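Asks: Let me give you the structure first, and then I'll get to my questions.
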Amino acid sequence: MRKTKNSKVVPGASSSGTNEAWQKEGSGKHDPRDDWHRLDAMQEEKFVSSTNETSRLEALLRQRQGASGDKREAARASWQASITKEEPGPEYKGPRLKFPLGEEDVYSLYHHVKTKPDVPLHPGYMANMLFNAQKLYQQLPRVTEITHSDGKHDKFVVVGDIHGQLADLLYIVEKQGFPGPGRTMYLFNGDFVDRGKYGVEVMTLLVAFKLAFPDSIHMNRGNHEDDQINMKYGFLDEVQRKFGRGHMYQEFQELWNCLPVATIIDGLAIVLHGGLFRQDGVTLSHLKALPRVPCNLQPKNFQETLMVDLLWSDPSDTVGHDRGVRGGNTVNFGPDVTHKFLALNNLKMLIRSHEVPPSNKGYEVRHNGRCVTVFSASNYCGHRGNSGAVMVFQPDLKYSFQEYWAPALDTFLKDTVPKCPPKRPASGESEGARQDVIRQVKMLVLEHKQDLQWFFTSEDEMTKGFITIEAWRRGMNAILKLDLPWEKYEGAMLSNCLDSAGHVLYNKFLSQFRVEVKPEYSQWKNQVVKRVHDALLAADLNLTEMVNVFDHNNDGVVDVDELSKVFGRLKIPVTREQVEELLQDVVVSGKVNVIALIESLQVKRDPRAPDVQEALDRLGNLFAGGKRFKDTVQMFENFDENGDGKIQHKEFMAVVKKLVAEDQKNNPGNSLEISDEMIKKIIHVIDANNSGSIDYLEFVDVFHKQRSGMDRLLEQICRVFYKYQDSLGRVFHYMDIDGDGVLTPDEFKEGLSTFNAMVSEPLTDHVIQSVVQHIDRNKDGQISYQEFCAAFYFVDESGPSVITDDFKKEHAEHFKSEAPAEVAIYRSNSEGIRQGYSGMKKETTTGFRKVSSG
C-alpha cells in the first residue's frame, strides 16, 4: 500500500498519484489519513523485515525441542476427536447446524452472523466446518480453473481484501446476491482476516458458502492467511477470545495451507493475491506444483520464492524488478514483467488485491490495462478513507468495477439492503485517523526513547533542559524516520511540555511515555533491583572508594563502556542497554556526575514497622528543614565525624541526638522526641548489610528522596518485554504443545532463554531467573504465558491535551497547530465511524476476448 511515482493514466482508471476522494474535500488540505497510511506502511515494513529474526527463533526452537512435534500432533488429534462430539447446551444462542451443511443451514447461519455478529458459532460447529473445508481443499488443485461463460451463474464477482470487516462482506452479498447455481459465483482473493474485528465471522460465512455451494464460491490464499501475520495483526487473539485456547487456531492455519494460490477465469485472466515473480519464465505449471505449506518470508529455494512473490509483491511503473516497499524479501514488478508473464502463459489480464490503490478508489488499472487491483475493505481499518470495490463479470465476460462505502454494521439488523446517503463522512474519519497517528507516534517515541534522549541532549549544548521546537522536529524525523507535518500534531504532543518561551522541555516530553507491568506480574522487579543494589553493598566501600571505583582517574568522565566494566568487576548483573538507561539522568555535557550516579542506585526498602517508619520520616524532615544541608553528600559528611567515608553506628547516634537537641531548643513544644532505643532500630534499618557501619548508598536509600535510577533500569526491562511481545508470544505458543495456553516453569524459562539468545537487547540471566521464580503466582506449576505477555502495557501520562487560545496566541511564532482544543487519545472505533456513503458507482464496462495461441 503505497504511492508510486511517474504513473501513467490508463483510460477508465485513476492516476496512481491522485487522491480524488480527498481532493473533493479541498485541494491541498492536509488529511491525517495520509499520515496514518504512511505509518501503517512503515510498521508493516518493519514487521516484514523482522521475520528473519522470527525464522531463526523457530529454527532454534525446533532444534531445542526435538520430538515435541509428535507430541503436539498427538494433542491436536485428541482435541479433534473430542471437539466434534461437543453439543451446544441450552445457554448457546446461535444457530443449530446439521452436517453436511445444506442451503437452509447456510441461510440460518448467515442470518445469525448478520444480526448477532458478537455471538460466536459453537466451537464444535466451527471445528467441524474447518475439518470439512480442509478435506475439500486438499482434494482441489493449487490453481483453480473456472468457467463463467457457460452461463451457469448470472454473474461472477471478484472480491479483494476483506480483513475481518464484516460490514463489507455483508454489503457485497446483500448487493450482489447469495452464492449458488443460477445466482452469483464469487472469488474471494485472500486476506479474509486480521485488522478487523470479525475475521472469525467472515471465515464462518465463506467456509459455509464453500461447503454448501462448492462450485459457486472460490477462495485464493492471501498474505494474511499465515501464522506469523495472524499473530501480529490480531487473528490469533480473536480466535482465542472467541473459542478459547485449544487447537482451533491451528485448524485455521491448516486451512490456509490448503487454499489455492491462484484462479484462472475462462483461460483468459489470472487472479492471485499479491503479484508476479522476480524470476522470469514462471508458468502456471509451477504454480500448480507449489506445496501446501506455510509461506516462508525468508525463502531458501525457488518454490518458496514463488510463494512469497505471489502473496506479497506489488506492481510498479519501473521497468523490471526492484526492492519492495514492504521491506524484507518482497519485490515490485514493472509493466514489462506483467506483459512477459501474460504472454508466456497465453493470458490477457492479471487481477490482484493486496493494497489500497493510491487514489483511494476501490480499484486501480495499471500496466496498460493488463494489471488490475481490487480492494474490498472500505475505509480500511476505520482510518484509510478509501472506497471498497468489487469486479463484476457478466457471462459474456464484460466486466465493471462497482465501488461502495459499507454502512455501519448495526444497519444490517434489518433484512433489507441498508441504504445510506451517498456522502462520505470526511471530518469524523479524519479525526479518527489523526488520533491514531498520535497514538502510534507516542509508541514510537517510547520505542526509541534512548536515541531521542541522546539527540535532544546533544541539541541542548548549554544544558538548559530545553530545545527549540525546530530541534524537536528534527529529532523526531531523524530518530523515528518519519516525515510528518509536525505542526499538525504538536498541539497534542507538546502542550504539556513547553516553557513560557515556547521551548520544548524534552526530558518532560520523554518521561510521559513508559511501559508498566500489571502488579500481579511484577513481583520479580523487587528481586532484580535488590540483586543489583546488594552487589554494590557487598563491596562495602566508603564514599571516596565508591567514587574512585566509578571514576578511577578523577577526570569526571565515565562512558558506557567504562561503567559496564565497573559493574562487571563488582558482579552487578546489568546489560549495556541498562547502563545507558542508568546514565540518562546523570550525564551533563558528556560528563557523569558520579555522586548523582551513586545516588541513582538507591532502592526502596521493604516496608518497616510503622513506629520506625514514622520516626524515619520525621528524622528526614528534621535533616531537610531550614536548608541545614545543601545536598545529601554534605548531610552524610556531617554524620561522618572521623572522615573515613562511612558512618559508624555511634557517629549516627551522636549526630541524631545533637540535631534533636537543637530542634528541642529552637522549637519548644513542637520538636522531635526520639529515644535511644528507636535510634538503634533506625540504625539497624539503614545498615542493610549489617557491616557495623553505614556507607553512602545505604544512607541514600533512606534519606535521598529523588527518583531512583533503578526505576529506569526496570523500565528498560519492561520495554524489552513490551517491544518483543509478538516474538515472545510466538516462542511460547510454539512450546505450548497442548494448546491450553499454559507452560510449566521449566518450559517458560526455556522459552525466555531461547528468545533472549536472539534479540538485540538481551536480558541478564538474573532477570530471567527472577521472572521465572515469581511468575507462577499460585504455585501450581502452571504459567499463563499469554497473560504474562499482555501484562506489559503502554503508559501515556500526557493525557488529553488542552490548549487554550491564549496559549496558542502567546506562542504563535513557535507553536503552529491545527489541533482541536481537546485531543482524546485511544478512542478510535473502526465500526463506530463507518457510516454514510454506501451507493454503488458503476464504472466503464469493458471486456476481453479469447484469442488463439501464437
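The values are calculated or read from the model by the stated rules, or taken from the named source; none is laboratory data. Here the structure is a predicted model, which is why all the values come from computation and not from measurement. All Cβ positions, glycine included, derive from the backbone under ideal geometry; neighbour counts span all protein chains shown. Only protein heavy atoms, including side chains, enter the accessible area calculation; ligands, DNA and RNA are left aside. Shrake-Rupley method; radii C 1.70, N 1.55, O 1.52, S 1.80 Å.
Asks: Over the alpha carbons of region 670-755, what is the largest minus smallest coordinate on each principal axis, giving the biggest first in Å?
Replies: Here the spans come out as 65, 27, 24 Å, largest first.
Asks: For region 78-84, what does the Karplus curve 6.51 cos²θ - 1.76 cosθ + 1.60, with θ = phi - 60°, yield as ³J(HN,Hα) per residue in whole Hz, taken in order and with x for Gly and Pro?
Replies: Taking θ as phi minus 60°, the curve returns 5, 5, 4, 5, 8, 5, 6 Hz for region 78-84.
Asks: On a 0 to 90° scale, report how tilted helix 725-735 is relative to the longest principal axis of the chain, with both axes built from alpha carbons and the result rounded to the nearest 10.
Replies: In the chain, helix 725-735 runs at an angle near 70 degrees to the longest axis.
Asks: Under the rule of -39500 (n - 2.57) per DSSP H run of 4 or more residues, summed and divided by the residues of the chain, what mean residue ellipticity at 222 nm is obtained, to the nearest 500 deg cm²/dmol?
Replies: Working: 34 runs with 387 residues, N = 854.
Theoretical 222 nm ellipticity from helices: -14000 deg cm²/dmol.
Asks: Hey, another quick one. Hey, what angle do you get for helix 199-212 against the long axis of the chain, alpha-carbon based, 0 to 90 degrees rounded to 10?
Replies: Helix 199-212 and the main axis of the chain meet at about 20 degrees.
Asks: At 1.306 mPa s and 10 °C, plugging the Kirkwood radius over alpha-carbon pairs of the chain into Stokes-Einstein gives what diffusion coefficient in µm²/s?
Replies: Details: Rh = 30.8 Å.
Value of D from the Cα-based Kirkwood radius: 52 µm²/s.
Asks: Still on this structure, I have one more. Put +1 on the Cβ of each Lys and Arg and -1 on the Cβ of each Asp and Glu in region 430-521; which of 457, 482, 467 then has its Cα farthest toward the positive end of the dipole?
Replies: 482
Asks: Mind putting a number on the dipole of region 623-779 about its Cα centre? Charges go on the C-beta only, +1 for Lys and Arg and -1 for Asp and Glu, and I need it in Debye to the nearest 20.
Replies: Values: 19 positive and 27 negative charges, 143 e Å.
Using only the charged Cβ atoms, the result is roughly 680 debye.
Asks: Under a cut-off of 18 Å between alpha-carbon atoms, report the aspartates and glutamates in cross-link reach of residue 175, not counting same-chain residues fewer than 8 places apart.
Replies: Residue 175 reaches 154, 161, 403, 410, 415, 843.
Asks: Quick one: work out the % antiparallel among DSSP beta bridges in the chain, nearest 5.
Replies: Values: 39 of 61 bridges.
Taking every DSSP beta bridge within the chain, about 65 percent pair in antiparallel fashion.
Asks: Mind listing which trypsin sites (Lys or Arg not before Pro) in region 216-324 are in a DSSP loop and have 14 or fewer other Cβ atoms within 10 Å? Numbers along the way, then the final one.
Replies: On the way: sites: 221, 232, 241, 242, 245, 278, 288, 292, 300, 323; in loops: 221, 245, 278, 292, 300.
In loop regions of region 216-324 (DSSP not H, G, I, E or B), the sparsely surrounded trypsin sites (Lys or Arg not before Pro) are 300.
Asks: Another one. Mind checking which of 432, 265, 255 is farthest towards the positive end of the chain's charge dipole, using Cβ charges of +1 (Lys, Arg) and -1 (Asp, Glu) about the Cα centre?
Replies: Checked the options; the winner is 265.
Asks: Excluding residue 321 itself, calculate the net charge of residues whose Cβ lies under 15 Å from the Cβ of residue 321, where each Lys or Arg counts +1 and each Asp or Glu counts -1. Write down the numbers at each step before the final one.
Replies: On the way: positive: 278, 323, 326, 340; negative: 280, 309, 314, 317, 322, 336.
Around residue 321, the charge tally is -2.
Asks: Rounded if a/c is under 1.5, else prolate if a/b is larger than b/c, else oblate: which is region 308-458, with a ≥ b ≥ c the root eigenvalues of its Cα gyration tensor? Each step should come with its number before you reach the end.
Replies: Working: a/c = 3.08, a/b = 1.16, b/c = 2.65.
Oblate, since a/c reaches 1.5 and b/c is not below a/b.
Asks: While we're here: Just subtract the alpha-carbon distance of residue 345 and residue 292 from 0.36 nm times their residue separation and send over the number in nm, one decimal.
Replies: Working: separation 53, 0.36 × 53 = 19.08 nm, distance 2.26 nm.
Result for the pair: 16.8 nm of gain on full extension.
Asks: Grab the beta carbon distance between residue 658 and residue 757, set R0 = 41 Å, and tell me the FRET efficiency rounded to 0.05. Spell out each step's value before the answer.
Replies: Working: r = 57 Å, r/R0 = 1.39.
E between residue 658 and residue 757, to the nearest 0.05, is 0.10.
Asks: Right, next: Provide the per residue accessible area, probe 1.4 Å, for the chain, rounded to a whole number of square angstrom. Before the final figure, lay out the partial values.
Replies: Working: 35350 Å² over 854 residues.
Per-residue value: 41 Å².
Asks: At most 12 other Cβ atoms within 10 Å and a DSSP loop assignment: could you name the trypsin sites (Lys or Arg not before Pro) in region 456-520 that fit?
Replies: Details: sites: 464, 473, 474, 481, 488, 508, 514; in loops: 464, 481.
In loop regions of region 456-520 (DSSP not H, G, I, E or B), the sparsely surrounded trypsin sites (Lys or Arg not before Pro) are 464, 481.
Asks: At q = 0.13, 0.24, 0.25 Å⁻¹, work out log10 I(q)/I(0) for region 695-797 with the Debye formula, treating every Cα as an identical point scatterer and leaving solvent out; two decimals please.
Replies: Relative scattering, expressed as log10 I(q)/I(0), comes to -0.55, -1.35, -1.43.
Asks: Under the rule a/c < 1.5 gives rounded, and otherwise a/b versus b/c splits prolate from oblate, where does region 314-399 land using the Cα gyration tensor? Display every interim value, and only then the final one.
Replies: On the way: a/c = 2.50, a/b = 1.10, b/c = 2.28.
Taking the square roots of the gyration eigenvalues as a ≥ b ≥ c, region 314-399 is oblate.
Asks: Angle between the Cα long axis of helix 248-258 and the longest principal axis of the chain, 0 to 90 degrees, nearest 10?
Replies: Roughly 50 degrees, rounded to the nearest 10.
Asks: Just check region 178-282 against the gyration tensor rule for me: Cα atoms, a ≥ b ≥ c as the square roots of the eigenvalues, rounded for a/c under 1.5, and otherwise prolate or oblate depending on whether a/b exceeds b/c.
Replies: Working: a/c = 2.45, a/b = 1.28, b/c = 1.92.
Oblate, since a/c reaches 1.5 and b/c is not below a/b.
Asks: From the alpha carbon gyration tensor of region 618-716, can you work out the equivalent ellipsoid semi-axes (sqrt of 5 times each eigenvalue) and give them in Å, largest to smallest?
Replies: Working: eigenvalues 115, 58, 35 Å².
Rounded to whole Å, the semi-axes are 24, 17, 13.
Asks: Distance check, please: which entries in 152/414; 29/488; 71/135 exceed 20 angstrom between their Cα atoms? Don't skip to the answer; put the middle values down first.
Replies: Working: 152/414 30 Å; 29/488 12 Å; 71/135 23 Å.
Exceeds cut-off: 152/414; 71/135.
Asks: Continuing with this model, one more query. Which ³J(HN,Hα) values in Hz, rounded to whole numbers, follow from the phi angles of region 766-771 under the Karplus curve 6.51 cos²θ - 1.76 cosθ + 1.60, where θ = phi - 60° and Gly and Pro get x?
Replies: 4, 4, 4, 4, 5, 4
Asks: Leaving out ligands, DNA and RNA, and with a 1.4 Å probe, what % of the accessible surface on the chain is carbon or sulfur?
Replies: 49
Asks: Give me the compactness ratio for region 76-181, meaning the Cα radius of gyration over 2.2 N^0.38 Å.
Replies: On the way: Rg = 16.3 Å, N = 106, 2.2 N^0.38 = 12.9 Å.
In units of the globular-protein estimate, region 76-181 measures up at 1.26.
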